[in-house]
Every structure is written in C-alpha cells, then in structure tokens.
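Bear in mind these aren't lab numbers, they're just calculated from the coordinates by the rules spelled out. These numbers were taken from a predicted model, which means no experiment stands behind them. Because the Cβ atoms are built from the backbone with ideal geometry, glycine has one as well, and the counts that use them run over all protein chains shown.
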Amino acid sequence: MIEFKNVTKLYEDGTEAVKEFSLEVRRGETLTLIGPSGCGKTTTMKMINRLIDPTSGAIYINGKNIKDYNIHELRWNIGYVLQQIALFPHLTIEENVSIVPEMKKWSKKETLTRSNELLEMVGLDPAIYKNRMPSELSGGQQQRIGVIRALAADPDIILMDEPFSALDPISRELLQNDIQKLQKEIKKTIVFVTHDIEEAIKLGDRICLMEEGRIIQLDEPKHLIMNPSNELVKNFIGNQKSPWQTTVGSISTYKKDLILSAENLNGANYRQQGSFVIVDKNNVFQGILMNGKVMKGQRIEHDMSLYDAAECLNGSDQALFPVLEEEKLVGILSYQNIVEHLRSTATKENGVIKT
Amino acid sequence: MNEFITVFQKRQNMLLETTLEHLQISMISLIIAVILAVPLGLILTRYPKVAEPIIGVSAVMQTIPSLAVLAFLIPFFGIGTTPAIIALVLYGLLPILRNTYTGINEVNPALTEAATGMGMNSLKRLTKVELPIAMPVIMAGIRTSMVLIVGTTTIAALIGAGGLGEIILLGLDRGADINLILLGAIPAALLAILLDFILKILEKFSKKAGIKSFILTFLIAIFIIATPFIWNGNKQPDLVIGGKMGSEPELLINMYKLLIEEETDLTVSLEPNLGKTAFVFSALQEGSIDIFPEFTGTAIVTHMEDQAESNEAREVYEQARQGMKDEFDMEFLQPMAFNNTYAVATTKEMADQYDLREIGDLKRIENEITAGFTLEFNDRYDGYVGMQDVYNLEIADIKTMEPGIRQSALTNGEVDIIDAYATDSYMIELDLVTLDDPENLFPPYQGAPLMRTDTLETYPELEAILNQLSGKITDEEMRQMNYKVDYDDESPNEVARTYLENEGLLPN
C-alpha cells in the first residue's frame, strides 16, 4: 500500500532525520511508528502526505510514486489527524468535517449525510453537535472530530501524529478504544505515530521502532515484546513489559528427572506416584505420566505469554506442563515456576509492592 | 454654548458640505490604503525576510509630519484632493500592513499545517483559514488606520482639498475662534466613531457571511464612494486663482474673479485658504493654480531668497517683478496701495505702561517680556533676526505659534508682544498698538497678482484687467474689509463686489 524505498531526509541545518529508510505498510493494517523524540518518526509520517519531501529515495502509494500524484488530490485521499487537534476555530463542527468532501466536490447532500454518519459513529449526536464551535467541546470530543474530519472523504490512508498525547488519560483510553473499534469496521491503512509504547502495542498491528532515523525493529507487538532484537528495544519496552507478558519458554525449566523416555516405559514398571513428561528419542513430546496413568496432556507453546498460558493452565488438573517448540520439549512449566517468576519481577518500595 | 449653537446654525450648509468632503476623502484614502496594504501584508507573510524592512519603510512614512508630506507632493500632484489622498494613504498604510502581517503570522501553525495536510492550496488556505482567523487583527489595523486618516484629513484643507479642516483652519485664522474649531473638530470625531462602528458591523458580518461577501461589501463601498467623485470631474475652469490662508487673500481673489468674469468670457474658479506660502507657490509653479496675490516683500525674501534692496515701495516692487521674471518666469502685475508689512504690536495698556512707541523701546524690558511670533517671522531677517541685529534686541522668552492664535495669546496675557500684519482686522477689534520701525527694518509688503508668464501669454487681457486694482485699496480700506469678513461674517464675495462697485470698477 505505502512503500518507502531508501528514503533519506536531510534537513537544512544538517540533521539527518531519516536514513536509508525502507518500509512497507500493508493495506488495512495499523502501523505504529515509535521511538524516542528526534528519532524521525514524525518526519517519516509527514513524508507520506508530502508535508515534508524526502531528500533522496522515493515513496510509493499503490505502486505509484507520490510525486506523480497531484499534491492536493494526494492529500485529499490521506486523512490527517494532528497532535494539536487543530480544528478550525472559526468553523462549526459540521463545517470542519466537510472541508475535504467540499474540496472533492461532493454534493451538499452527500457531504451532510456523511458528516451525520461520522458524528454518530463516534457517539456525538449530530443534532446537538454539528452546529457547535470547536471551543464548545471537550478535548476528547474535539479529537473525535479531528479523527472523523480525517475520515470524512473516505480516504484509504489515515495518518495520525500522536493524536491522543494531548488528552487526559481517561479520554485517551476512550479514544484508543474507539479507534480500535472503528478500525475493525473501516479497515483503513493507518500510520500512527506515538511515543507511548502501551498505545503502540494496543493499536498497532505492527510496530516500527525507530532510532536516529533507522528502523531498529519492525514486528508484531507480541514479538517485539517477547523477542526484543537488542538492548535498546528492551530498554524502550522494558518498563512496559508486564511479568505476564514473559514467554513461558523463558520461565520453564528443563528438569531431567521429570522426563521419561518412551522406550523406558515399555513394560509396566510405571511409577505410581508423581507427574512426568514422556518424550521419544528425538525429544518429541509423547504424553504425560500422572500417578501411573499415561495421558495426552495439556501442552504449551514456548512463545506463549504467561498470561495466555495461565488460561490454559486454569482448566487443567495437571501439576506440570510441557513447553514445546515445534513438537520438541524445551522445558517444563509448573506452578512453582510461575510463582517464582512473579516474585522475582516484583519489588517492594516503601511497603508498596510493584510489579 | 449658545454661541456655539449660533455658529452651528449659521454654518450648517458649510458643515454639511465639508463633512461630506471629509467623509469622501477619508474613505477613499482608507480604501486605497486597505487595497494596498492588505495584499502587501499577505505577500510579506510568504517572504518574511523582506517583511521587516518594508514595514520599517511604512513606519518611517508615519514619522514624517503630514505638512511636510503635503509640501513634498505639491510639485508632483499640485493641490486639491489627489495629493491629499496620497498623503493620507501613506499615513494609513502602516497599521494595516503591520496588523495584516502579524495577524496572518500569528495564526496557529498547527492550523496552517492541518489546512495544508488536508490538501488546501495556498489561496484556499488563505481565504478559508488564515484570513478569517486573522480578520479581527486585520480589522483592528484598519480601524486604527481609519481613525488616523479621519483625523489627518483635517490638514487636507491646507491644500484646498476641503473637508472639516476648512472650518478648523477658519477658526484658527479668526483668532482661534473656539466655536468654529469645535464645529470642525466635533464632527470629525463623530465621523471617526461612526466609521469605527460601521467597520465593527462589517467585521461581524464578514465573520458570519465569509470572506467572499466581505470583499463584495468592500467593492460596493468603493462604488458608492467613487460615484460622486466621478461626477465632480465636470467642466474645467479656464483659470484657477489661489489664495493663502485668511480673509485678505480671499477678498483679493474674489475681486480678481469678479473683474475677469465681468470683462471676459473666461470661467474662473477659486482655491482660497491654501495653507502655507510655500504650498501656494509650488501649486502655481506646478500649474494647479494660475494666479495668486503675493506680497512684494515675500516674493523677494521667501521665493527669491534675497533681501530687499530698498525700503521704498516702488523699488521693492521693481526688484520683485524683475526677480520673479528672471528666476521663475513669472509675471508680477502692478501692486495695490495697501502695505501689509510686518509690525510689532502690543496691547494699549502694555504700551502705556512701559511707554512703548518704537521697536527700540523694547530694549528696556527685553528680559521681562514674552514674545509670540510666527515661525516664519522668528526665522526671517525682515523679522526677529533683523530685530536682533538692527535694534540690538535679545528678548528673553519667545514662543512661536500659528498666525491665527497670536492675538488671543496677546489678549490672554500669555505673551506681551506679537508680530502682526499691518492690515489685519484684529488690530481694530482688539485695539492694538503697532510700534514704529524708524530703521525701516520691515520692507514694504504690497499685494499684487502673481502668475506664470505662459498664463499671461495665453490671456494677455488679464494684465489690463487686474491692473485696474493697481494703487487701489489703502491700508485702512483693507483693514475694514478684513474686519467685515472676520468679525461681521460677511461673505468675501459680497465685500469684494461692494468695494469694486463703489470704486466704479463693476457696474452697480
């Protein structure tokens, strides 16, 4: 959908904001751009609607270089939501929403229907709100309008530049939920710039973590958290990582005395007490021996988060669980492991326990 | 108050006419200023590097005194409405320019970015976002400019553009007649308030109806205002006779007009009460007037920048005539009898108290008295400079002031002596005493028609017609006629006609 090919942006003062940047944003996905300030994430985003032109390299939308589009028409088809909200203070809500449809020469009726529909979509009654001025709305309401203004002419692409960072935490969360819900219906390609890793994880189908104009890691949120590619990523997401997000692979232990080989089981000398994991000679998981009975047993994939694993564990009466990677046993998870892990990540400060 | 009402009733027609002129001149100037400054301000926002220098230039224009701007413009544009409007436009530019520039620049950059990001082109962004948001600031500039212009339009009267300044100047000339000054100043203030109110409504309206209808309203306003202006461009007169400020020149030019129209088919129009000697003279050079009565002494001292070689009236005239011919290619026709020379005047009480008869007698009290002199007198050799030299005077305190207010300063006791013109009417009214000039410091100031040689070549009959006044009108007659105009409020035209009829120059 949107493709960056070796894009570099060098500002006049010599700062190299984006370096040899290549990235493909897939149709219908929400890609969050995140990184410390000055990492080039906003520059990257603004190059898509040509608010900033790259120094070298090119950007393609639907396979066509964005320079070959009429710049205004290009922008009419890319919704833009700003951090500062930037509703035009002298225009009513309806007039604000109607700007791009009007430029695209939609009929009055079409425009009106559309703005009513959008207002309803974000839970603002058109009868009450459409003739109000932006200043009469709360911050959260204003940014809702900011979002639907970007959606008004039904663009394929939406750019969002830290859209919720100026809002209070409650409004922010509400709007994040709204966007999630909305995106399920509208399936737009969204490029979302944020400095808030929680937001990036919550909203992004993929996260692109940048530093000094380069991509450090581009991955789905769970992979980014579970397999940070380097220290920097780890640090960036560090505090965000709940102990529940840890992959079970890293908690589980490989205790030889709890593993039985399938060949040794031939015959009836089963142990009548305790739980064991049975593997074949290739270390492929075969089943569980529990109190003398062989059973199929509940199994856990190694990259599952502890949170998800706990779901599996919940309905089971097993005392231990095999952790598998491609059918091979990589570890054994017990409730003891889990408790130890949770205890090890918690700290106690001034009598307040924090995870 | 009663006096004010009387003045108001007597001058209703003049008031209405000058108010309309005032409104017209101010509005045209304001509209031109807006048409120039708003787009310029908008362009400057796109070129911030040149913005400050250009705004600086318009600020410099504001610091030049309006009179100086007028003086500068006369050689190029003559007298009348055109130079007045140019000067006023220059005055009105700065507030509009600065506020437009600031207003647009102060639009929140996020809004500009939003507009651009949404795909507005530069023009669309300007009309849909920047202008409406900057409008209150721009309108504030326009309103400031309007007040400035309406106020400054009062000086337009100095170059014959009319307006309420005419009434104010008349008041100043008539010894700072407070009622007349108020009659001019109050409507000017009311006009400013009224226009401010209209602009405020216009601003509100533009907020509701959008920028397009605002521009439309503006165009309609131009149309309405320009229409009477175009009407005025009717038949040009053959001759325009100008005159300096005051009743005496106005009487003389009325006589010229009456005589010329009596004996020829030429049409003559009058431009009385032109501000300063320099204005009238450059208007004559430039051609927007054809004749004006000038004093022989002034011709020598001011125009030729020379000294009178004699104190004998005939010789002074001859020197002036020759000089004007040689230096400026102008004809100075025969002078009239009266000698409106400078005189040093004081009150009768003062003269009695200190036994003042001659200018030299002032020496005794030079450390105690305050003099009220015109700027011109204070600076001339045949004025105070000469008094210092010839009579060895060093007056302790000198206040320079407009001619029109000297006499009230004297009667109020704020000054003890003034420079006066010998034929001024207040000499009678205020019973002033003139001090003798035994050293003949002040050269004769005889009035005579001054015109360009080419005018006389085109209308040679003028010489004979105007020379009928040669040697006529004595000091006393002139004083009496001035008195009739200034204090009895008779029309200069009527007083002039009566005199000419009595002299047999016009048929009864």
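On the basis of the beta-carbon distance and an R0 of 45 Å, A:Ala58 and B:Leu199 show a calculated FRET efficiency of 0.30.
Neighbouring Cβ atoms from other chains, within 10 Å of the Cβ of residues in B:132-143, number 1 on average.
Listed from fewest to most Cβ neighbours within 10 Å, the set A:Arg132, B:Arg364 follows the order B:Arg364, A:Arg132. For B:Leu16, B:Leu42, B:Leu274, the sequence from fewest to most other C-beta atoms within 10 Å is B:Leu16, B:Leu42, B:Leu274.
Residues A:Cys312, A:Cys208, A:Cys39, ranked from the fewest to the most other C-beta atoms within 10 Å, line up as A:Cys312, A:Cys39, A:Cys208.
The mean count of C-beta atoms from other chains within 10 Å of the C-beta of residues in A:82-90, rounded to a whole number, is 6. Fully extending the segment from B:Asp329 to B:Asn108, taken as 0.36 nm per residue of separation minus the present Cα-Cα distance, adds 73.2 nm. Database remark: amide H of B:Thr374 closer than 5 angstrom to the amide H of B:Met401, B:Asp419 (H placed geometrically; neighbours at sequence offset of 5 or more, or on other chains; Pro and chain starts carry no H). Within the set of other residues whose C-beta is less than 15 Å from the C-beta of A:Gly331, count the net charge using Lys and Arg as +1 and Asp and Glu as -1. It works out to a net charge of -3. Segment A:205-230 and segment B:355-432 have Cα centres separated by 94 Å. Based on a Kirkwood Rh over C-alpha pairs, give the Stokes-Einstein translational diffusion coefficient of the protein assembly as shown at 10 °C and viscosity 1.306 mPa s in µm²/s. Stokes-Einstein gives a translational diffusion coefficient of 44 µm²/s. A cut-off of 5 Å between modelled amide H atoms, ignoring neighbours fewer than 5 places along the same chain, links B:Met330 with B:Lys325, B:Thr453. Sequence-ordered 3J(HN,Hα) estimates for segment B:251-265 from the Karplus curve with 6.51, -1.76 and 1.60 and θ = phi - 60° stand at 4, 5, 5, 5, 5, 4, 4, 4, 5, 5, 6, 5, 9, 10, 9 Hz, glycine and proline given as x.
Rounded to the nearest whole angstrom, the semi-axes of the ellipsoid equivalent to segment B:2-232, taken from the Cα gyration tensor as √(5λ), stand at 37, 19, 14, largest first. Approximating the spin labels as points 7 Å out from Cα along Cα→Cβ, the A:Ile128-to-B:Met14 distance works out to 6.8 nm.
Ellipticity at 222 nm from helices only: DSSP H runs of n ≥ 4 in the protein assembly as shown, each -39500 (n - 2.57), divided by the residue count, give -15000 deg cm²/dmol.
Farthest toward the positive end of the dipole of the protein assembly as shown, out of A:Asn65, A:Gln318, A:Ala153, is the Cα of A:Gln318, where the dipole comes from beta carbon charges about the Cα centre.
Charges on Cβ only, +1 for Lys and Arg, -1 for Asp and Glu, centred on the Cα centroid of segment A:249-342; of A:Ile332, A:Gln272, A:Ile259, which one is farthest towards the dipole's positive end? Highest projection toward the positive end goes to A:Gln272. Between amide H atoms placed 1.01 Å from N, distances below 5 Å from A:Thr30 occur with A:Ile190, A:Asp205, A:Arg206, all of them 5 or more places distant or on a separate chain.
For a modelled paramagnetic label at A:Arg26, 7 Å from Cα along Cα-to-Cβ, the residues of segment A:195-238 in reach, with backbone nitrogen under 15 Å, are A:204-208, A:218-224.
Note that chain A carries a Kirkwood radius of 23.7 Å, evaluated over its alpha carbons pair by pair.
Dipole check for segment A:2-239: with +1 at the C-beta of Lys and Arg, -1 at the C-beta of Asp and Glu, and the Cα centre as origin, the magnitude is about 600 Debye. Compactness ratio for segment B:292-441: Cα radius of gyration over 2.2 N^0.38 Å (N = residue count) comes to 1.08.
Here the Karplus relation 6.51 cos²θ - 1.76 cosθ + 1.60, evaluated at θ = phi - 60°, turns the backbone of segment B:443-457 into coupling constants of x, x, 10, 9, x, 8, x, 10, 8, 6, 4, 5, 5, 5, 5 Hz, with x for every Gly and Pro. The share of alpha-carbon pairs in segment B:80-175 lying farther apart than 18 Å comes to 59%.
Coupling constants for segment A:83-99 follow from the phi torsions by the Karplus curve (6.51 cos²θ - 1.76 cosθ + 1.60, θ = phi - 60°), and in residue order they are 4, 7, 6, 6, 6, 6, x, 8, 10, 6, 4, 4, 5, 4, 5, 7, 4 Hz; glycine and proline get x.
Counting, for every residue in B:115-125, the Cβ atoms of other protein chains within 10 Å of its Cβ and taking the mean gives 6. Note on chain B: with charges restricted to the Cβ of Lys and Arg (+1) and Asp and Glu (-1), its dipole about the Cα centre is near 4460 debye. In summary, the convex hull built on the alpha carbon positions of chain B has an orientation-averaged projected area of 28.0 nm².
Orientation-averaged projection of segment A:249-342 equals 5.8 nm² [convex hull of Cα atoms, one quarter of hull surface area].
The Rg/Rh ratio for segment B:371-491, using Cα coordinates for both the radius of gyration and the Kirkwood hydrodynamic radius, is 1.05. Got a sec? Charge dipole of the protein assembly as shown, +1 on Cβ for Lys and Arg, -1 for Asp and Glu; which of B:Thr81, A:Phe4, B:Met387 is way out at the positive end? After comparing all options, I get A:Phe4.
Dipole magnitude for segment A:129-172: computed about the Cα centre from +1 point charges on Lys and Arg Cβ and -1 point charges on Asp and Glu Cβ, it is near 240 debye.
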